[in-house]
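What follows is one structure encoded as structure tokens, with my remarks underneath.
Values quoted throughout were computed directly from the atomic coordinates according to the rules given, and no laboratory measurement underlies them. Just so we're clear, the structure is a prediction, and the values are computed from it rather than from any experiment. Because the Cβ atoms are built from the backbone with ideal geometry, glycine has one as well, and the counts that use them run over all protein chains shown.
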Ligand SMILES: [Zn+2]
């Protein structure tokens with residue numbers, strides 16, 4: 001079939017012969033105006049998704065059918081690849097989650113193609129109110145390599161990323177070992193001081209997880225861990241641009257300081273994403289989805305993940321904050337691959353995989369899959 005879509009970078013038009021899930025022939029026409037109004041992109045890669053529509057990867061009742069359901073939901077939002085994310089919990093609950101995910105991926109090549117590995121966010125995070133965010137206090141603890149290895153065994157070795165607080169006892173040797181084993185270490189849910197952040201970078205930490213969130217409500221103006229991570233050129237930063245997690249000024253500042261090549265967008269979709277407003281119990285806590293879609297820990301100002309998906313974050317940055325798709329798309333289609341050192345999918349002859357046709361609008365990002 002013939003696909004035509006605009007290149008967001010050059011504004012030329014791709015003419016693509018697409019058959020059998022592959023680009024057979026691809027040409028980029030420079031001077032076509034009008035008529036072609038959808039932009040062509042590879043699907044989004046989101047490094048942090050906790051579940052959707054009441055399904056939590058953290059649940060001790062997670063089953064394979066639910067994993068298929070979440071993958072289906074993410075498809076509607078342009079997400080071609082993601083890291084199911086498990087947060088702070090008991091050893092057994094996390095072991096159950098990783099075993100179930102690994103089994104589901106062994107049973108289904110379709111799932112395995114959509115799930116790039118797993119992100120363990122916690123449990124080695126700060127117990128302090130604020131940095132801990134919505135994670136359950138009772139299960140926060142210090143890094144323990146043997147425990148992590150047992151989860152890795154449950155996960156068929158596919159925990160690709162861990163978010164931790166580098167100020168905790170044993171954190172630095174843990175970061176070194178995780179990095180040596182090929183796991184990307186992210187700094188997050190932390191109350192670290194400047195020296196501790198620098199030490200984490202020296203030990204191998206590569207990114208900040210949702211910079212500007214999972215932090216104290218009030219911080220010393222400087223120094224503080226946000227400035228320190230902002231200024232660290234060695235670190236990528238993920239941000240949650242859903243319209244609630246960060247004000248526009250902070251989003252602009254992070255994108256400017258990290259630059260187009262070191263900013264990664266994540267929706268951090270909560271397991272409550274996609275549900276109507278109301279009160280819900282999850283992970284042993286009480287949460288509330290407000291009518292505007294904001295998810296908070298009941299009775300606190302603390303956010304508990306997003307109720308939106310990656311496409312809505314992209315659309316918010318383009319239609320509300322005025323970024324171009326060319327500025328934003330690499331943050332969901334290139335930078336996450338580079339964070340892991342994986343080949344970056346390129347629209348060119350021989351590309352194998354689905355494509356997206358995108359149209360930003362005030363009603364949301366219109367997405368058509370080509371596959
Ligand atoms: Zn978090």
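Can you figure out the FRET efficiency of residue 179 with residue 29, using R₀ = 41 Å and their beta-carbon distance, to the nearest 0.05? The partial results should precede the final answer.
On the way: r = 44 Å, r/R0 = 1.09.
For residue 179 and residue 29, the calculated efficiency is 0.40.
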Q.
Using Cα springs under 10 Å in a Gaussian network model of the chain, which residue among 297, 36, 13 shows the largest mean-square fluctuation?
A. 36
Q. Roughly what % of DSSP beta bridges within the chain run antiparallel, to the nearest 5?
A. 55
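Ranking request for peptides 337-349, 144-156, 232-244: highest mean number of other beta-carbon atoms within 10 Å first, then the rest in descending order. Provide the component values of the computation, followed by the final result.
Working: 337-349: 14.2, 144-156: 16.5, 232-244: 22.2.
Highest mean packing first, the order is 232-244, 144-156, 337-349.
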Q.
Considering the Cα positions of the stretch 246-346, please state its Rg to one decimal place and its Dmax as a whole number of Å.
A. 15.5, 46
Q: Note down the Stokes-Einstein diffusion coefficient of the chain in µm²/s, whole number, using a Kirkwood radius over alpha carbon pairs, 4 °C, and 1.567 mPa s.
A: 62
(Q) Counting C-alpha atoms alone, how compact is the stretch 64-126: give Rg to one decimal and Dmax as a whole number, in angstrom. (A) 12.2, 37
Q.
Cut-off 10 angstrom, C-alpha nodes, Gaussian network model of the chain. Which of 31, 256, 114 fluctuates the most?
A. 31
Q: Can you quote the Å³ per residue value for the convex hull of the Cα atoms in the stretch 146-295, rounded to an integer?
A: 144
Q | Spatial extent of the stretch 291-340: Rg and Dmax, with the Cα atoms as the point set, Å | A | 14.0, 40
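Ranking 253, 100, 320 by Cβ neighbours within 10 Å, fewest first, what do you get? Working shown, then result.
Details: 253 15, 100 21, 320 12.
Least to most surrounded, the residues fall as 320, 253, 100.
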Q: Could you check the simple spin-label distance between residue 194 and residue 141, using points 7 Å along Cα→Cβ, in nm with one decimal?
A: 3.5
**Q.** Angle between the chain longest axis and helix 171-180 axis [Cα atoms, degrees, rounded to 10]
**A.** 40
**Q.** the stretch 115-131 and the stretch 304-371: distance between their alpha carbon centers, rounded to Å
**A.** 25
Q: Could you state the angle between the C-alpha long axis of helix 194-203 and the longest principal axis of the C-alpha atoms of the chain, as a value from 0 to 90 degrees rounded to the nearest 10?
A: 70
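FRET efficiency for residue 362 and residue 107, Cβ-Cβ distance as r, R0 = 25 Å, nearest 0.05? Present the calculation step by step, with values, prior to reporting the outcome.
Working: r = 41 Å, r/R0 = 1.65.
About 0.05, to the nearest 0.05.
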Q. Over the stretch 15-143, with a single point scatterer placed on each C-alpha, what log10 of the ratio I(q)/I(0) does the Debye formula yield at q = 0.12, 0.14, 0.16, 0.22 1/Å?
A. -0.59, -0.72, -0.84, -1.29
Q. How large is the helix-only mean residue ellipticity at 222 nm for the chain, computed as the sum of -39500 (n - 2.57) over DSSP H runs with n ≥ 4, divided by its residue count, in deg cm²/dmol to the nearest 500?
A. -7500 deg cm²/dmol
Q | Inter-part distance where the stretch 17-46 and the stretch 241-267 are each reduced to a Cα centre, Å | A | 27
